[in-house]
Amino acid sequence: MSSSLMEGKDKSAPEATATSVDLAARYRAEFPIFENRIYLNSNSLGALGRRSLEARRRFEREWIERGASAWYDLWLDRLDEVRAAFGRTIGAPRGSIALVPSISAGLTMVADALDFGERPRVVVGELDFPTVAYQFLGRRDRGVETVVLPSPDGLEIPLEAWEEVVDDRTALVATSHVFFTTGAIQDVAALARLAHDRGALLLVDAYQSNGQVPIDARAMGVDFLLSGGLKWLLGGPGIAYLYARPGLSERLAGGPLSWFGVPEPFAFDPRDATPRSDARRFELGTPAAGAAFTALGGLEVIEEIGIPAIRARNALLTEDLISRLRRAGFHPRVVADPERRSAIVPVHHSRPEAAVDQLARNGVIVDHRPGLVRFSPHFYNTIEDNMLAVERLAQVRETS
Ligand SMILES: Cc1ncc(COP(=O)(O)O)c(C=O)c1O
């Protein structure tokens, strides 16, 4: 593969702006995977960057050199930096972020804290990542009534559909900002208004948007938001976070409590179980420090570029990819309005698993979901990546 950037060489592709060209030119070398692969799979796992590698090595050096004193001298403060950095990506103030090991674990903390007595209903969407529904369906025997809202077109869920089922018996609406198999962006602010009008809370799974689509959690009015390092924030597995709207944590008395959830963990007082008044009451024990510090490397790059600039860059790559796929005879499963598309581009395919394996053997890494091959360009990708990936997908079709 040629390492030169071929932005804008295809006349029918959207025109690359100077800024968007500069982004790939400037950052691609930070991600070693591009030395011998075309990587278009950030919606599964963001590429490992040199800054994350360095953050990880630093953690190992400190562990070797200082042992447990690293906790007190360095790591507790650095965990605070991680909370703050995650928070900045969604405009969240200090104290509104809890570190959790996964989205599913964060969902458990919220589900355990809510009181479903008067309001037994939870509404989720069929296009949401299933772990959201499982969390509440699994509480059926405790009286939780989960409505899984169907999508009329398999691409998105219209606001009117939510309006029909969210009622005054609803405790929570739990859904995605960006759907993982269509890339469609939901209007989270409108969903928050809808939920609040009926006295319900809104939880947003932002794992597939955070880092590629700008989020202002407070302006959007969300009550809870879950995301983490794994995907568009380039931070790797093992570290996620839960945002709780300021003031909300105090109102939720129930749920599990750990020593990281009380104001003075190092007082070691087993008699006083008063939770912290902020979101950190949702932290369940010692955070995965190594994973959290690795995530700081990715967050540094994301913050340096800025999510609005990433969004502009990714929109250009997305539109280019969609038009190339269509010209090659494929059918991307995306919404009609480009404004509501994100950089997840799934393509209908009869043998997605075989196609993804074959592409990987040809140096192109994408992933598959049932009936779909899924591409996800991020700011470090180029038009040339799109071109080669579509060419190779077409070759697979021809040879299979
Ligand atoms: C939108 C979304 N939510 C949740 C998950 C699963 O998160 P976790 O494994 O951290 O529970 C995924 C997949 O990785 C996802 O794409």
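With both partners inside the range 199-313, how many of the DSSP beta bridges are antiparallel, as a percent to the nearest 5? If I count the DSSP bridges inside the range 199-313, around 60 percent turn out antiparallel.
If Lys and Arg each add +1 and Asp and Glu each add -1, what is the summed charge of the other residues whose beta carbon sits under 13 Å from the beta carbon of LEU372? Value of the local net charge: +2.
Across the range 76-84, coupling constants 3J(HN,Hα) worked out from phi with the 6.51/-1.76/1.60 Karplus curve, θ = phi - 60°, read 5, 5, 5, 5, 5, 4, 5, 4, 5 Hz, and Gly and Pro carry x.
Cα convex hull, the range 119-275: 135 Å³ per residue, rounded to a whole number.
Ordering THR170, THR131 by the number of other Cβ atoms within 10 Å of each residue's own Cβ, fewest first, gives THR131, THR170.
Extent along the principal axes, Cα only, for the range 68-190: 54, 33, 22 Å, with the longest axis given first. Counting beta carbons within 10 Å around each of TYR27, TYR243 and listing the fewest first gives the order TYR27, TYR243.
In the elastic network of the chain, a GNM with C-alpha springs shorter than 10 Å, the most mobile of ARG57, ARG28, ARG333 is ARG57.
What is the angle, in °, between the Cα long axis of helix 18-27 and the longest principal axis of the Cα atoms in the chain? Nearest 10 is fine, range 0 to 90. Tilt of helix 18-27: around 70 degrees.
The share of alpha-carbon pairs in the range 29-103 lying farther apart than 20 Å comes to 52%. Helical content alone sets the calculated 222 nm signal of the chain at -11500 deg cm²/dmol, taking -39,500 (n - 2.57) per DSSP H segment of four or more residues and averaging over every residue.
Look at the alpha carbon pairs under 8 Å that are at least 6 residues apart: their mean separation over the length of the range 273-400 gives a relative contact order of 23 percent.
Take the range 321-379, drop everything but the C-alpha atoms, weight them equally and run the Debye formula without solvent; then report log10 I(q)/I(0) at 0.22, 0.27 Å⁻¹ to two decimals. Result of the Debye calculation: -0.90, -1.24. Rounded to whole numbers, the Karplus 3J(HN,Hα) couplings from phi for the range 146-154 are 9, 9, 9, 6, x, 9, x, 10, x Hz, using 6.51 cos²θ - 1.76 cosθ + 1.60 with θ = phi - 60°, and x at Gly and Pro. Expressed to the nearest 5 percent, the antiparallel share of DSSP beta bridges inside the chain is 50 percent. With respect to the chain, whose longest principal axis is taken over its alpha-carbon atoms, helix 307-327 is tilted by about 40°. Normalised by the number of residues in the chain, the average gap of Cα pairs under 8 Å and 6 or more apart makes the relative contact order 23 percent. Distance from the Cα centre of the range 29-78 to that of the range 148-199, in angstrom? Centre-to-centre (Cα) distance: 36 Å.
Cβ crowding within 10 Å ranks GLU283, GLU54 as GLU54, GLU283, fewest other Cβ atoms first. Shown here is the pair-distance distribution of the chain: with all Cα-Cα distances grouped in 10 Å bins from zero up to the longest one, the shares run 5, 22, 30, 25, 14, 4, 0, 0 percent.
Each value in this text was obtained by applying a stated rule to the coordinates, not by laboratory testing. Given the structure is predicted, the values throughout are model-derived calculations rather than measurements. Note: ideal-geometry Cβ built from the backbone for every residue, glycine included; neighbour counts use all protein chains shown.
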